[in-house]
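In what follows, a structure is listed as structure tokens, so that the remarks can point back to it.
The values are calculated or read from the model by the stated rules, or taken from the named source; none is laboratory data. Just so it is clear, the structure is predicted and the values come from calculations on it, not from any experiment. In this analysis, Cβ positions are derived from the backbone assuming ideal geometry, glycine residues included, and neighbour counts consider all displayed protein chains.
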Ligand code: PLP
């Protein structure tokens, strides 16, 4: 097996593997990149930070998710939700694949524009925007944006009356992991009033948007939201608007994608003729499974149970709930540890009980309350966690002075992705 490694800059390494392609190559490639990186580090002599947690990202997995999207949701043009993971290589790949982008702030818009993406491929999908950011969007021609209340309409009229507006409606998000409807979305009781106000203000409403909640699990929530959108399209027509676009938001996960896509496609075909343009704002779906996180065991504590005369262990890692495991708190995740490297000379392979903790001084900083791993892990060993691409690094903090900016080793298990990225 031949690897080609090139340091893109001091923080990123690209490892390219020739000969393997496709989903079955992902595990192999990622594991090899993890091993290779870990073997570069000598915990006894390394500089502070060299043994920091790091990611391996498989851009091939992002590419495959895109193909899967196109196969199952032909009508829906994805606008990747940058907030989910703004990794520069992921954005570069998606830009090359021709997706659009959902941005929530000036910084996200700027990052996408810098890739050379045309402003018409961006939707500023935030119903409650910062005034200076709206001025920035206006200066850079990012016209598409959402609203769900009257005050936002007055703001937009003052700052960017040419904007192309999407009325974000409320959805039933009760089946989702992260609920959004308690904060955003106009109910159908006030949609007509808002459209009338927009008309009075001479604003350009072009579509309807919704979000069924992040990590949605009930396909029925898409069916209902599409039906409600049809109602708002009809209300808008009565007021004199000819709406052109429906934005079906995000909420998709890799596990239930086909089921959700089928329900959504059926509803779209039932309620919207082919002349209506459909866009979506998937985040988690594209990146969750593409990122694996490796962490170093920085400390260990033995906990003896005198009643049973057995020991369990508390492991302290160099990343935690204030870092890339912020997904435990903000995204209700339960990351699962696997052993990456157990130091030599330790042949114990017994099932051993652990709790796993982050590095900060706060007791809430816990990764796993209880897990069983084979063998006795020690300081300097490495663990890895799969499915760490969504809502992880983006919400990491520097609490206690630990880094929030970890190295990413990129691999590609799809030649299509490698070609687009020039790997
Ligand atoms: N669009 C909007 C407006 C959002 O708020 C979010 C997530 O919070 C997304 C898209 C992405 O959602 P997901 O990652 O569930 O696809």
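Of note:
- Test: residue in the stretch 211-219 that is surrounded by 15 or more Cβ atoms within 10 Å (Cβ to Cβ), modelled with pLDDT of 95 or more, touching a strand residue (DSSP E or B) at 6+ places or on another chain (Cβ under 8 Å) and assigned by TED's automatic domain parsing to the domain that holds residue 276: yes
- Any chance residue 232 is touching a residue at least 24 places away in the same chain (Cβ under 8 Å), surrounded by 18 or more Cβ atoms within 10 Å (Cβ to Cβ) and over 28 Å from the mean Cα position of the chain (by Cα): yes
- Segments classed as strands (runs of 3 or more DSSP E), wholly inside the stretch 248-329, with at least 3 members that are more than 16 Å from the ligand (Cβ to nearest atom) and in contact with a strand residue (DSSP E or B) (Cβ under 6 Å, 6 or more places away or on another chain): 291-305, 310-317
- Residue in the stretch 89-99 that is surrounded by 15 or more Cβ atoms within 10 Å (Cβ to Cβ) and either assigned to a loop (DSSP other than H, G, I, E, B) or in the same structural domain as residue 323 (by TED's automatic domain parsing) (or both) present: yes
- Residue in the stretch 147-155 that is modelled with pLDDT of 95 or more, outside any helix (DSSP H, G or I), surrounded by fewer than 20 Cβ atoms within 10 Å (Cβ to Cβ) and within 16 Å of the ligand (Cβ to nearest atom) present: yes
- The selection criterion, being crowded, with 19+ Cβ neighbours inside 10 Å and either at pLDDT below 95 or out of contact with any strand residue (DSSP E or B) (no Cβ under 9 Å at 6 or more places or on another chain) (or both), does not hold for residue 391.
- Check on residue 217, in contact (Cβ under 8 Å) with a residue 40 or more places away in the chain, within 16 Å of the ligand (Cβ to nearest atom) and touching a helix residue (DSSP H, G or I) at 6+ places or on another chain (Cβ under 9 Å): yes
- For the stretch 108-136, the set of residues classified as touching a strand residue (DSSP E or B) at 6+ places or on another chain (Cβ under 6 Å) and either farther than 22 Å from residue 169 by Cβ or not assigned by TED's automatic domain parsing to the domain that holds residue 95 (or both) consists of 109, 112, 121, listed by residue number.
- Test: residue in the stretch 199-207 that is within 16 Å of the ligand (Cβ to nearest atom), buried (at least 18 other Cβ atoms within 10 Å of the Cβ) and at pLDDT 95 or above: yes
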